[in-house]
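The values are calculated or read from the model by the stated rules, or taken from the named source; none is laboratory data. These figures come from a predicted structure and were not determined experimentally. Methodologically, a virtual Cβ is constructed for each residue, glycine included, from the backbone with ideal geometry; neighbour enumeration extends over all protein chains shown.
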Amino acid sequence: MSQKEKEAYASLLNPSVSNVPVYVPGKTTPQIVAEYGLDPKSVVKLNSNENPLGPSPKVTRAVAEAAGSASLYPTADASNLRQALTRYTGFPVENIVASGPGMDSLIDALNKLFIRKGDEVILPVPTFTYYGISAAGLGGVPVCVGLEADYSLNTDKILGAVTDRTKIIFLCSPNNPTGNVVTAADVQKLAEQVNAIIFIDEAYVEFSERGNLSGLVKKYENIVIGRTFSKAFGLAGMRIGYALAPAWIISNLLRVLPPFSVSILAETAAVAALDDLDYMTDGVKTVREQRKKLIESVAKQTPYKAYPSEGNFIIVDVSPNTSKEAVDVFLKSGVIIRSCDSFQNIGKNTVRITVGTAGMNKKVMEAFDALKKIKR
Ligand SMILES: Cc1ncc(COP(=O)(O)O)c(C=O)c1O
């Protein structure tokens, strides 16, 4: 193809695309094994906040049984799952929508509903990066507002960033990567003072000991809660999310989400997971216990600072080491963790570590021992 032809095709590209920041995913075990020449069996993957216990065995069986139905379309709106979610969430079907792939697709759909070129979304940073990526793809402008030094939310700073182009304020509770939660009072203040949608990402809410904020959806017509089966339910690979929202938003989300967006196997898995809540709550109990122990161990046995967390992960400031050094030392110890460098407003010295089982966390502490010893 000639250069001229290439340029002609490139000129067709939606100009918003060049403003889209690239999402930086955590690496997979096979990628790391190949890069570092590690033994796959000895590798512990704690970089993507996945569930180290895996899905319920009842889910695995249900998916295997449903595999023969892979030739069929599911219901267009995942109605079995929406029904099953009424029992789990206490909301009627008209306040629930299921989304695939994952909650990411819900974020896309919400942005599609509200963002026109030049509209703004407010992101308290550091936070999950996909909100801004998704909005930028539609010509939206991410407006970043820094969290405080302890990573708490400053609602006055957010209110100060609101303009008449602000369409969505993205809040994340517990926040990825910092692990802290947003209070109901803060959300109410924003919901009442701003003519915009308040999205509360509760991807990690099951791990929190502070409860959830879904009750606010019953009081406000501009609050949307996003949830996922990727974390507490151990179904990240199945890619299923859902929203709790006022009926007017749900009916509009159903217009813009692609039909059949939750696959038949994903829907089967999610429904089976909701039928085995004991498995999920047992796993959450393990994570809460191990999270507490991990934070205490880092405080007692290392010179580094671990922050409190309500998620299934913690962040650790490894200064004077850089996060890149820490990730490298951990990898050599067979533990994959995440550098927070790709998040805004967190600096170059912070790592995020998924809370694993007692055995995995022992390996984490061994890796910290190795990090303490490196020459700088
Ligand atoms: C805060 C937060 N929201 C949303 C997601 C995406 O969820 P899903 O796997 O359902 O797309 C993640 C994934 O890590 C996350 O950390």
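Things worth noting here:
- Qualifying position, being more than 29 Å from Gly160 (Cβ to Cβ), buried (at least 24 other Cβ atoms within 10 Å of the Cβ) and within 15 Å of the ligand (Cβ to nearest atom), among Ala98, Ala135: Ala98
- Only listed residue being touching an Asp or Glu at 6+ places or on another chain (Cβ under 9 Å) and over 19 Å from Pro55 (Cβ atoms), chosen from Pro246, Pro303: Pro246
- Out of Asn312, Asn345, sole residue that is touching a Phe, Trp or Tyr at 6+ places or on another chain (Cβ under 8 Å) and polar (S, T, N, Q): Asn312
- No other residue among Val93, Val59 is surrounded by 11 or more Cβ atoms within 10 Å (Cβ to Cβ), touching a residue at least 60 places away in the same chain (Cβ under 8 Å) and out of contact with any strand residue (DSSP E or B) (no Cβ under 7 Å at 6 or more places or on another chain) apart from Val59.
- Pair list, Cβ under 7 Å, 6 or more apart: segment 134-156 residue farther than 20 Å from Gln193 by Cβ, other residue modelled with pLDDT under 95 and in a helix (DSSP H, G or I): Ala136/Ser16; Ala136/Asn19; Gly137/Ser16; Gly137/Val17; Leu138/Ser16; Gly139/Ser16
- Each residue in segment 176-211 was checked for being under 24 Å from Gly102 (Cβ atoms) and without any contact (Cβ under 8 Å) to a residue 12 or more places away in the chain, and 1 of them qualify.
- Arg255 satisfies every condition listed in (1) under 13 Å from the mean Cα position of the chain (by Cα); (2) basic (Lys, Arg); (3) under 14 Å from Phe114 (Cα atoms) except (1).
- Of the residues examined, Phe128 is one that is in a loop (DSSP other than H, G, I, E, B), within 16 Å of the ligand (Cβ to nearest atom) and either in the same structural domain as Gly237 (by TED's automatic domain parsing) or not polar (S, T, N, Q) (or both).
- The requirement of being surrounded by fewer than 23 Cβ atoms within 10 Å (Cβ to Cβ) and more than 14 Å from the ligand (Cβ to nearest atom) is fulfilled somewhere in segment 261-268, by at least one residue.
- The condition of being under 14 Å from the mean Cα position of the chain (by Cα), away from the ligand (no atom under 12 Å from the Cβ), part of a loop (DSSP other than H, G, I, E, B) and farther than 24 Å from Arg239 by Cβ holds for only one of Asn180, Asn195, that being Asn180.
- Only one of the listed residues (Asn14, Asn95, Asn49, Asn19) is under 30 Å from Glu120 (Cα atoms) and in the same structural domain as Gly356 (by TED's automatic domain parsing). That residue is Asn49.
- Of everything listed in (1) more than 24 Å from Lys362 (Cα to Cα); (2) in a loop (DSSP other than H, G, I, E, B), the single unmet condition for Pro320 is (1).
- For the residues Val298, Val287, the requirement of being under 23 Å from Thr28 (Cα atoms), of a type outside the set (Gly, Ala, Ser) and at pLDDT 95 or above singles out Val287.
- Asn111 vs. criteria more than 22 Å from the chain's Cα centre (by Cα), outside the structural domain of Thr286 (by TED's automatic domain parsing) and either modelled with pLDDT of 95 or more or assigned to a helix (DSSP H, G or I) (or both): no
- Every listed requirement among (1) assigned by TED's automatic domain parsing to the domain that holds Thr129; (2) without any contact (Cβ under 8 Å) to a residue 24 or more places away in the chain; (3) under 24 Å from the mean Cα position of the chain (by Cα) is met by Ala64 save one, (3).
- Restricting Val256, Val287, Val271 to those that are aliphatic (A, V, I, L, M) and assigned by TED's automatic domain parsing to the domain that holds Asn47 reduces the list to Val287.
- Qualifying residue in segment 10-32 (condition: touching a residue at least 12 places away in the same chain (Cβ under 8 Å), within 23 Å of Phe233 (Cα to Cα) and of a type in the set (Gly, Ala, Ser)): yes
- Within segment 101-121, being without any contact (Cβ under 8 Å) to a residue 60 or more places away in the chain and away from the ligand (no atom under 16 Å from the Cβ) holds for Ile115, Arg116, Gly118, Asp119, Glu120.
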